[in-house]
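The numbers here are math on the coordinates, done by the rules we state, and not lab data. Everything numeric here is computed off the predicted structure, so don't read it as measured data. Reconstructed Cβ throughout: ideal geometry from the backbone, glycine too, with neighbour counts over all protein chains shown.
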Amino acid sequence: MTSVGGGSVAVVQPRSTATSTSRYRYEWLLFADWCVAAEVAALPASPLTLAEFLGDNPASDSVQI
């Protein structure tokens, strides 16, 4: 419980949030490592950098539209 304004509020973190955070971390590390190998800046990433990264790392068939 967390005290807020004299009352108590339960802080709940859904399991999906933890899963999403883990996935975002994985994707960021993949991108950051790719940027080092490609000798480009991760932040701020240019549109060309993002396009090249996505070209080198396509989504799996299960998530492509």
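How far, in nm, would the chain grow between Val40 and Thr17 when pulled straight, counting 0.36 nm per residue and subtracting the alpha carbon separation?
Full extension of this stretch gives 5.2 nm more.
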Cut-off is 10 Å between beta-carbons; in what order do Glu27, Glu39 appear when sorted fewest neighbours first?
Glu39, Glu27
